[in-house]
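Enquirer: First the structure, which I've put down as structure tokens, then a few questions once you've had a look.
Please treat every number below as a calculation from the coordinates, not as lab data. In this text the structure is predicted, and so the values were computed from the model without any measurement. Cβ atoms come from the backbone with ideal geometry, glycine included; neighbour counts cover every protein chain shown.
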């Protein structure tokens, strides 16, 4: 090779690397990653003690990684290399299954499940005060469980569920696993689809009312008007940097819900039952029933019963609660990640309502945020 | 700071290169020294003082020994130098190990000192010792210029994970090296290949090893493949670092020694260790085994010396008994190998020799992997049948990493390099431009893929930093 060719290789090498560094110094993004749904690392602190402790160095490394130019593109390149070239089944803990994504779910945290049970028990004891109501605990499995036939490993939750039931004396238990399928969930997200919850509604109503219900007792989905919100990219594309066709959120309105309204009990204001215009742009799933609010109430003046329901919930209750609204005059949703047990009575008094604790495996594995 | 980190790649390295070549030749060693000190301070802060202390100790001791040559004082200075150097290494690296061992044997509960292990201490201490002993032996002259000695001992390409460079190997480069576009390009390519080995292969193998330890139902197949993957991971991780170190040295005109020569392709334990971490093996041979008598010792004494050297080689890698077991495993096998060759001189087919080596190395590295007895006893148990051979979970993980394992195995052989060299030779003979363009594009592609993996944000330190 000629001298200029060696020079070109050397200079290109250094320029390529330096371009990355310059990009970090010159480009200032928003500080939030929409795709990963997290705050990006802040600029490091420069001071004597921080430098000597190594903290500045660590923070600088995090900052450089988070603010590297074209980071999303680079993450996508890495994902393609791992999934398409190396034929990996997952990238960053997210499986790619045909045109869908799912989080790898091979481990559960028994300590987290035990902690969750203790919080549920405290909420029930604190609020119900042993008034004879039998709360229902409903378990929502992770969607990967429906990939078992394809050889995808999933965590064995049976021992944990058994222990959970033991730790919730006085509760009745509803395992929703058989009421759902792989298609019941969004392709790009952990959450379930509202339009696929007919069987779940029937199962829960049977548990909550103690009655055996037939198909005619349940409001068919055809009674609703279907609206849509698109595109919806759930949590997985950002986490895995792997793009698949986005989802469309279908939500069921009108029909039995025509007279229903919702209220934010913390702010004491009315809110729409579905709010596609004002839902969190980072997570359109929050359009359902008040989104991430701590205490929400759905009122159905047209209900043929005066029965009420209280749901202690995680994010999965959002799409479900409107589908239960035709059967109750009032549904109160309490998020135990926001409202501690001691304050529940500020929002709803125990007055003989049916009580549902509706929680997913996702929450049970990461329950440390429960108050 | 790690070579496979964005801070090093996109800030430190370009900055150092630009400053180095922008300044006149007489300032270039100063640039390297400054860069090396910043490099070490970035990761270790006040432990920089320890390294500077070791440099001062080595320089002062060597000068004194040269002054006192032929007199009794020379030996005293050497003993003091070795005591202090090894003492510091022992204090920071082995004090808690010693305390734990005493506690275990005596039932007492002495509190550990809890001293953090300064990165690279094993490497720069051994380099300093090699320098001191070589001066004592009269093999080299003491370096009067402490600054030049500091440039060598702190040289960032090899400071924290080798290769262990003897002073006599590098002394000419410190004063008379000639940088050139050819060397720079060669260094850039070598560095890039090492970076890709680390980010694209070694890190993935590590992830596979971790996954296999977390399965609900382990199987023998997964245990074996995981053990093999771990051996490949250690090799690729460490040899990647060495590639990067050698490449970085070339950028600045230095010729650092090779540390690996495809050990996985060896056909005997002795050959394996002549090709694995070569500079460490030579260090132990020249500064421990030979002074103990080497091959001149009679039977049992020689056996004892061999096993002692192997045990200490293991202990050098980590302050834990599993590393000693690891060293003794290879020591014992190497002794058995010699005995077999002497008393049963049957020439085995090459493929069987390769297979035996791979099997024994894979088993030996199980000790390397787990510091707790539970870990490696569980691993051996799984490998030798106290679990089922196969299940769907294992099938999933093995399937997910099959291509990576295959590519890594191939990358552990000289096949890709020979194929690339043949191709380049053909292209260069047909058209100089095509070969050059391919090298350039290949380098850019590997850099892009490596940086893509780093930008995805997982911190990936080198395994040998722990030593």
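Enquirer: Can you list the equivalent-ellipsoid semi-axes of the protein assembly as shown, largest first and in whole Å, using the square root of 5 times each Cα gyration tensor eigenvalue?
Expert: On the way: eigenvalues 723, 187, 145 Å².
In descending order the semi-axes read 60, 31, 27 Å.
Enquirer: Counting only DSSP beta bridges with both residues in chain A, what percent are antiparallel, rounded to the nearest 5? Mind dumping the intermediate values first?
Expert: Numbers: 28 of 49 bridges.
Beta bridges within chain A, antiparallel portion: roughly 55 percent.
Enquirer: What full-extension length gain, to one decimal in nm, is calculated for residue B:25 and residue B:428 as 0.36 nm per residue of separation minus the Cα-Cα distance?
Expert: Values: separation 403, 0.36 × 403 = 145.08 nm, distance 3.30 nm.
Length difference between fully extended and current span is 141.8 nm.
Enquirer: Of the peptides B:202-212, A:50-60, how do they stack up when ordered by the mean number of other Cβ atoms within 10 Å, highest first?
Expert: Values: B:202-212: 20.7, A:50-60: 16.1.
Ranking, from highest mean packing down: B:202-212, A:50-60.
Enquirer: How high is the relative contact order of the stretch B:1-160, in percent, counting Cα pairs under 8 Å that sit 6 or more residues apart? Show your work: numbers first, answer last.
Expert: On the way: 144 pairs, mean separation 50.6, N = 160.
It comes to 32 percent, rounded to a whole number.
Enquirer: With angles folded into 0 to 90 degrees, how steeply does helix A:3-26 sit against the dominant principal axis of chain A? Use alpha carbons for both and round to 10.
Expert: Here the helix axis deviates by roughly 40 degrees.
Enquirer: Given only helices, namely DSSP H runs of n ≥ 4 each adding -39500 (n - 2.57), what is the per-residue ellipticity at 222 nm of chain B, to the nearest 500 deg cm²/dmol?
Expert: Numbers: 20 runs with 318 residues, N = 467.
The per-residue figure over chain B is -22500 deg cm²/dmol.
Enquirer: Can you tell me the relative contact order of chain B? Whole percent, Cα pairs under 8 Å, sequence separation 6 or more. Write down the numbers at each step before the final one.
Expert: Numbers: 563 pairs, mean separation 88.9, N = 467.
Taking the mean separation of contacting Cα pairs over the length of chain B, I get 19 percent.
Enquirer: When DSSP beta bridges are limited to those with both residues in the protein assembly as shown, what percentage is antiparallel, rounded to the nearest 5? Intermediate values should be presented prior to the final figure.
Expert: Working: 28 of 49 bridges.
Expressed as a percentage, antiparallel bridges in the protein assembly as shown total about 55.
Enquirer: Taking the Cα centroid of the stretch A:34-95 and of the stretch B:312-356, what is the distance between the two, rounded to the nearest whole Å?
Expert: 42 Å
Enquirer: Given the options A:323, A:213, A:85, state which has the largest fluctuation in a GNM of chain A using a 10 Å cut-off (strictly under) for Cα springs.
Expert: It is A:85.
Enquirer: Could I have the simple spin-label model distance between residue A:73 and residue A:366, label points 7 Å from Cα toward Cβ, reported in nm to one decimal?
Expert: Between residue A:73 and residue A:366, the label points sit 3.0 nm apart.
Enquirer: Just to confirm the number: angle between the C-alpha axis of helix A:110-128 and the first principal axis of chain A, 0 to 90 degrees, nearest 10?
Expert: 40 degrees
Enquirer: Kirkwood Rh over Cα pairs of chain B into Stokes-Einstein at 4 °C, 1.567 mPa s: D in µm²/s? Don't jump to the answer; show the numbers that get you there.
Expert: Details: Rh = 24.0 Å.
In µm²/s, the coefficient is 54.
Enquirer: Using only helices, what value at 222 nm comes out for chain A when you add -39,500 (n - 2.57) per DSSP H run of length 4 or more and divide by the total residues, to the nearest 500 deg cm²/dmol?
Expert: Numbers: 10 runs with 111 residues, N = 371.
Mean residue ellipticity, 222 nm, calculated: -9000 deg cm²/dmol.
Enquirer: Now a separate question. Would you mind giving the mean number of other chain beta-carbons within 10 Å of the Cβ of each residue in B:6-16, as a whole number?
Expert: Details: counts 11, 8, 2, 6, 13, 9, 2, 5, 10, 4, 0.
Mean partner shielding for this stretch: 6.
Enquirer: Moving on to the next point. What is the average number of partner chain Cβ atoms found within 10 Å of a Cβ in B:186-193? Before the final figure, lay out each step's value.
Expert: Details: counts 3, 3, 9, 3, 0, 1, 3, 0.
Partner Cβ neighbours, averaged per residue: 3.
Enquirer: Sequence gap at least 6, Cα distance under 8 Å: using those rules, report the relative contact order of chain A to the nearest whole percent. Kindly include the intermediate steps, with their values, before the conclusion.
Expert: Details: 609 pairs, mean separation 62.8, N = 371.
Across chain A, relative contact order equals 17 percent.
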